[in-house]
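Right, one structure below, let's go through it.
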Amino acid sequence: MSGQDAAERPGVSRRGLLGLAGAAIGGLALGATGGAVTATAVAAAATNTSYPFFGEHQSGIVTPTQDRLHFAAYDISPGTSRADLIALLEDWTAAAERLTRGLDVSETGAVGGPALAPPDDTGEAQGLPASGLTLTFGFGPGVFTDAQGRDRFGLASRRPPELVDIPSFPGDALEHASSGGDLCIQACADDPQVAVHAIRNLSRIAFGRASIRWSQLGFGRTSSTSRAQVTERNLFGFKDGTANITSEDTAAVEKDVWVGGNSWLSGGSILVARKIRMIIETWDRTSLDEQERVIGRTKGAGAPLSGGDEFTPVKFHHAGPDGRKLAVNSHVALAHPDQNHGARILRRGYNYVDGNDQLGRLNAGLFFLAFQADPRTAFIPMQKQLAHSDLLNEYIRHVGSAIFAVPPGAKPGEHIGAGIFG
């Protein structure tokens, strides 16, 4: 990410402002997730940290992972033209640049407009700092051709080869309401109200051109993207993402995260999003010894069963101090780069809880976000191996799936994803 100061951009277009005034904001803001969100519980932790929106790469990838997430996938509305899509991206860029500085979506904002008209900004983030907000935009396969194979925007030839359709994996129980999407926005922040405010207002701007297909709230990051961060725990109580790529691993980031070459996607990445429901009740009745065997790490320190501390390299076929060896079909063993031809991904996962299902079971799990240069050599072969053999499969179900091409960062004076239009 470039450290340059963000330049002022033109404001949201007249059509975007009309969208602000006319949107049915209740349905757009929360999608299928529902639930009330306030900033009260984390107000003390909110900071004045801000990340520039413009730069070589989009923020929200190697940026130190924030604690809260609101992710939204959008369908482009029928009748939207190529010019309309460009205008939407221009409006989103202008608003996003302001939001990441802790400002309202426009200069008029929440209280500066006419008293008899809806305000430009919904106002729930007034008085809150930027809270490390990052907004990361992506393009799904539907931008290039729709479900019927039609080239709606003259972009079919611009679809990058890395943006493949994710295959079906054994055990998938994918739900339409949590999968797919033409566009996506990943909002990460240290205050949930700041993240929700961003998605709410960007959705209002999109009114008439795109609408939320599904969205997901996340909390308690489960991966660290900086060595300065401790490894957090998932809802099974285990440290997650110990071997994750971090921003300090510059060679790995360049090789495994950023797309190379000279295409419009060079310097961008491919994002795979997977909603993974955890069968909490079954897991909670499983012995500690079996939980550790399934994962391949100790529950307390997070050390591999082959011995050492959390960051000790995994030793296959090596007994630890208590005589236990790493099971060949444990989660850690199957996901390890040594078992996947050296493939690595950068993870930005989050815990989620969506209430309870009709049987009273906790509807909760991991919202898995993985950035990589090419899923054909990273996520897909890795997931194929996990889907066939992972001991963890008894306790999880993949219920949502989507893939997006995440363009490089925008320069001042251009909109996000400008390169896609040639």
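A few remarks follow.
- Test result for Ser203, buried (at least 21 other Cβ atoms within 10 Å of the Cβ), outside any loop (DSSP other than H, G, I, E, B), of a type in the set (Ser, Thr, Tyr) and out of contact with any Gly (no Cβ under 7 Å at 6 or more places or on another chain): yes
- The residues listed here are Gly138, Gly79, Gly102; of these, the one that is of a type outside the set (Ser, Thr, Tyr), at pLDDT 95 or above and in contact with a strand residue (DSSP E or B) (Cβ under 8 Å, 6 or more places away or on another chain) is Gly138.
- Residues in the range 338-366 that are within 21 Å of Val164 (Cβ to Cβ) and touching a residue at least 24 places away in the same chain (Cβ under 8 Å): Asn340, His341, Ala343, Arg344, Ile345, Leu346, Arg347, Arg348.
- Condition check for Gly422: modelled with pLDDT under 95, small (Gly, Ala, Ser) and over 30 Å from Gly267 (Cα atoms): no
Matching residues to (1) out of contact with any Phe, Trp or Tyr (no Cβ under 9 Å at 6 or more places or on another chain); (2) surrounded by fewer than 22 Cβ atoms within 10 Å (Cβ to Cβ):
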{"residue": "Asp249", "(1), (2)": "yes, yes"}
{"residue": "Trp264", "(1), (2)": "no, yes"}
{"residue": "Gly267", "(1), (2)": "no, yes"}
{"residue": "Ile270", "(1), (2)": "no, no"}
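- Considered as a group, the residues in the range 334-375 that are more than 15 Å from the chain's Cα centre (by Cα) and under 15 Å from Ala402 (Cα atoms) include one that is surrounded by the fewest Cβ atoms within 10 Å (Cβ to Cβ), and that residue is Asp374.
- In the range 57-77, of all residues being more than 29 Å from Arg152 (Cα to Cα) and among the charged types (D, E, K, R), the one that is surrounded by the most Cβ atoms within 10 Å (Cβ to Cβ) corresponds to Arg68.
- Among the residues of the range 151-200, the one identified as more than 18 Å from the chain's Cα centre (by Cα), part of a helix (DSSP H, G or I) and touching a residue at least 24 places away in the same chain (Cβ under 8 Å) is Arg158.
- Residues in the range 274-326 that are crowded, with 17+ Cβ neighbours inside 10 Å, of a type in the set (A, V, I, L, M, F, W, C) and over 29 Å from Leu362 (Cα atoms): Leu305, Val314, Leu326.
The values are calculated or read from the model by the stated rules, or taken from the named source; none is laboratory data. What you are looking at is a predicted structure, and each value in this text was computed from that prediction instead of being measured. Note that each Cβ is placed from the backbone with ideal geometry, even for glycine, and that neighbours are counted across all protein chains shown.
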